[in-house]
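No lab work stands behind these numbers, since they all come straight from the coordinates. Because the structure is predicted, anything quoted here is derived from the model rather than measured. Here the Cβ positions follow ideal geometry from the backbone for every residue, glycine too, while neighbour counts run over all protein chains shown.
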Amino acid sequence: MLQKPYFAFAPLLRKSLYLWFALAALLLAPQSQATNVRIQTVLGDIDIELFDSAAPLTVANFLSYVNSGAYIDSFFHRSVPGFIIQGGGYTLTGTNSARKISVLPPVPNEFSASRSNLRGTISMAKISGNPDSATSEWFINIDDNSANLNNQNGGFTVFGQVVGNSLAIVDAIAQLPVYQASGAFNALPVTKTVGTSGLTLEHFVLVKSVSVIDTASEMAEADRIFNYLEANFPQFLSPANAPSTTFSGFYLRHYPDTGTYIGRANNLIYYLGPLFEGQLTALASVGDSLAMASAAGY
């Protein structure tokens, strides 16, 4: 097993969603440039890769709300088990007082069958019977909803996908109990049982912020960590100086001699390889890893 000082705190986080051979093959596929955003929720971060080229008007609309800070202190206000979780419509102005987000002019529908409403995709919500009515609200598909959402109201525009390890956070939100409040909140996901005193701030799945990720900075941090690990654990990570690449929200390096991958997603460093039987394993936080690398001169 891996030894101190780094890998002693390497618990198994979860089983990999990617088969070993599939990841190895897909790494060879060309990667397009895309804007990435991070939805910071009280349950964890959700990273989204936006489809800038495929849905330019929808992405520009979404980023207008992101850059204006409109989504700060918003919350997921609708959850339908096995279907979607929805946000982007309301912010909290008090302990349990909701305010509708001020909306921009609706964005024209950019639905395409080539961007289907599959599990883990993010799409624009809109008014029934009006394909061109999307404004601030969006939803994340919990399941494959293509048979339904691709074929009603002009099709619902998919403009991005959940990447990295973020689908676990999406699933955690989707699995929360639902509370029937009034109006638009008749399927409100809540973090705990609502008592006789009603909803409080702690019940809401708050979105602390939505922001564009500084990809270059995060890549530079990851490269420092990778270099540190290569130098200290050559028996597991060789050959050294492997090129870094991106795959489905992970920034990573592949070490063919040892059949190993090291990668970053969100704020965690991951290992994928034979030591943990091909399971994707969280080693440590980026902060802790970076501190160790910095102390060693990386």
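Long hydrophobic helices in the chain: the complete DSSP H runs spanning 20 Å or more by Cα along their own axis with mean Kyte-Doolittle hydropathy of at least -1.0 are 215-232.
Packing, taken as the mean count of other beta carbons within 10 Å per residue, orders the peptides 144-155, 159-170 from highest to lowest as 159-170, 144-155.
Stokes-Einstein, applied to the Kirkwood radius of region 42-212 over Cα pairs at a viscosity of 1.002 mPa s and 20 °C, places its translational diffusion at 133 µm² s⁻¹. Restricting the calculation to Cα atoms, the chain shows an Rg/Rh of 1.00 when the hydrodynamic-style radius is the Kirkwood one. Highest-first packing order for the peptide set 120-126, 282-288, 202-208 is 120-126, 202-208, 282-288, based on the mean count of other beta carbon atoms within 10 Å. One compactness figure for region 197-298 is 1.30, namely its Cα radius of gyration divided by 2.2 N^0.38 Å.
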